[in-house]
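Only one structure is covered here, and it is reproduced in the block below.
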Ligand SMILES: *Cc1c(COP(=O)(O)O)cnc(C)c1O
């Protein structure tokens, strides 16, 4: 059928890449398959959280609370901010989309560092807005001076991803403080802290504190990574009241299920237990980085639950090698691979596979 005879799409759709979710690999003879490609938490949910999930499952004939009141109340208490400043959504990707829909339209600009979170350009395009991608510095950090210089009168929102996905480094408080002096007050700056619970660098920007001190700063957080609820899709925004209100308006109605809300609230109640697991992931990350250094890799220090290996032209070759040992990792062809901190056995295998790739 010729194109003229088909229902028409918006022209933006042609250019829209499909979101590449982390792949699974097939088991290889005698080897259990592992997935280190999506930065998931390899731990099963806490038994106490599972119990809440089972209980909430008995009520799925009812619509959930469209205002996620319980969760917003719990978050307001945790961060000591008014509930009006919080909005939830279906994962922080969902919330990110709600933010862009709320602040940017045709011809507006959405700025972020590159390489960074792959959802940003997709979300900008869906809104009809233009992505302004500012290259990372050579050390993998955000080039906030260049980002400030790239601001125009069409800039509506700037995302700062810290720790950055996929390179793992943080942006410091002083870098952000300086940056904010250069950003006009009518531009929203969103600090995406999807991995903040894994950070152990005291110089890293504190999103909530920064948000409280500025009228144009918001924070994006998720229950998918440290809290281990990726499959339930729940995340949130905290920021200026009128932005939070707009972000609630652009949400898919009833998007956050009751199961997701109850599990998130239970996870906040059991945070100490969950954060013990996060501590172990940080130790595993240190071990993994040390092992990689021992075989000759110079990886940028990570403050997230993954490590970036800048393999350049050998990226695809390495990804193939990992498939051969039944471990899925996340390749960025021509640039490098992102390897999530997960099962020890999988990481051991990756280290063995990495030896011939070390410089
Ligand atoms: C994983 C991730 C998110 C959130 O994912 P959700 O599962 O949608 O909450 C947000 N930002 C970054 C940078 C991420 O890597």
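Below are the figures for this structure:
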read-out	value
Rounded, prolate or oblate (a/c below 1.5 giving rounded, otherwise prolate when a/b exceeds b/c) for the range 282-359 by Cα gyration tensor	rounded
Using a Förster distance of 51 Å, the FRET efficiency for residue 58-residue 249 (Cβ separation, nearest 0.05)	0.95
Fewest-first sequence of 308, 287 by Cβ atoms within 10 Å of each Cβ	287, 308
Sites residue 343 and residue 50 - FRET efficiency at Förster radius 22 Å, r taken between beta-carbons, to 0.05	0.65
Share of alpha-carbon pairs per 20 Å distance bin for the chain, given as whole %	29, 58, 13, 0
Kirkwood Rh and Cα Rg combined as Rg over Rh, evaluated for the range 121-228	0.94
Shape of the range 57-269, Cα gyration tensor, a/c cut at 1.5	prolate
Inter-label distance for residue 273 and residue 32, nm, one decimal - labels placed 7 Å from Cα along Cα-to-Cβ	2.2
The range 1-108: C-alpha gyration tensor shape, a/c 1.5 cut-off, then a/b vs b/c	oblate
Residues 315, 69, 18 arranged by fewest to most Cβ contacts within 10 Å	18, 69, 315
Potential lengthening between residue 230 and residue 13 on full extension [0.36 nm per residue; Cα-Cα distance subtracted]	75.4 nm
Which of 31, 9 has the fewest Cβ neighbours within 10 Å, and the rest in rising order	9, 31
Highest-MSF residue in the chain out of 107, 342, 239 [GNM, Cα springs under 10 Å]	107
Fully extended contour minus Cα-Cα distance, from residue 185 to residue 283, at 0.36 nm per residue	31.3 nm
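Each value in this text was obtained by applying a stated rule to the coordinates, not by laboratory testing. All values derive from a computational prediction rather than experimental measurement. As a convention, Cβ positions derive from the backbone with ideal geometry for all residues, glycine included, and neighbour counts pool all protein chains shown.
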